[in-house]
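This report refers to the structure that appears directly beneath it.
The values are calculated or read from the model by the stated rules, or taken from the named source; none is laboratory data. It should be emphasised that the depicted structure is a prediction, and the values quoted were computed from it without experimental measurement. Note that each Cβ is placed from the backbone with ideal geometry, even for glycine, and that neighbours are counted across all protein chains shown. Side chains included, ligands, DNA and RNA excluded: accessible areas come from the protein's heavy atoms. Shrake-Rupley method; radii C 1.70, N 1.55, O 1.52, S 1.80 Å.
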Amino acid sequence: MEMSNDFDRLLFFEHARRTAEATYDKDPLDADNLTRWGGVLLELSQFQNGDESKKMIQDAIDRLEEALVVNPRKHDALWCLGNAYTSNAFLIPDLDEARGDFHKATQYFEQAYELEPQNELYKKSLEVAAKAPKLHVEIHKHGLGQQGMAPGPPPSSTTKQQQQSTKKSKGSQLKYDIFGWIILAVGIVTWLGFAKSNVPPPPR
């Protein structure tokens, strides 16, 4: 089954969330379901803005922590928690405040990798986590649109304008790369998890 656009993805993950909630009502100690539920909420947070996105990420963290209470060595839950804290950190404009979540993310990635050292995705997550504070600076530097508030360059400085445009483009691409990689990875894990559970596809 191919998710061709954002609307298809939204339908799929909304359906997956309802399925996870129903499964939780029957068995609240199903660690696999709790992990899938957390991954789904993390995916759905990308369709929200600001406070709504943060709230959904926190809900994902709560479900994933529940999974770890049931099974403290569940490496995919640890890895998803790392992604949740990374996603939340990128939503915090102040780097000093965001560092706390980046630190937690690194700890969870390390634990997941220690439990399954052959997992290349966990290894890659650790590499990205090490660069996260720098990426945070770039994303917020280019994403806040403050250039428009500054005095404009003189007409002769075309090269400077082009450089600024290129830097802004690179910043935007950087943002999409980091968010895209994290969320795509979570989506793959979530998709496979539900496929293994033989969950019926979302309604068309």
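Taking all protein chains as shown and a probe of 1.4 angstrom, Tyr122 keeps an accessible surface of around 10 Å². Protein-only accessible surface at a 1.4 angstrom probe places the residues Val137, Val40 in the order Val137, Val40, largest first.
Within straight-line reach of Lys134, meaning a Cα separation under 16 Å, sit the following aspartates and glutamates at least 8 residues removed in sequence or on another chain: Asp94, Asp96, Glu97, Asp101, Asp177. Label-to-label distance for Lys55 and Gln107 is 2.7 nm, based on points extended 7 Å past Cα in the beta-carbon direction.
Counting only Cα atoms, segment 16-114 measures 41, 33, 15 Å along its principal axes, largest extent leading.
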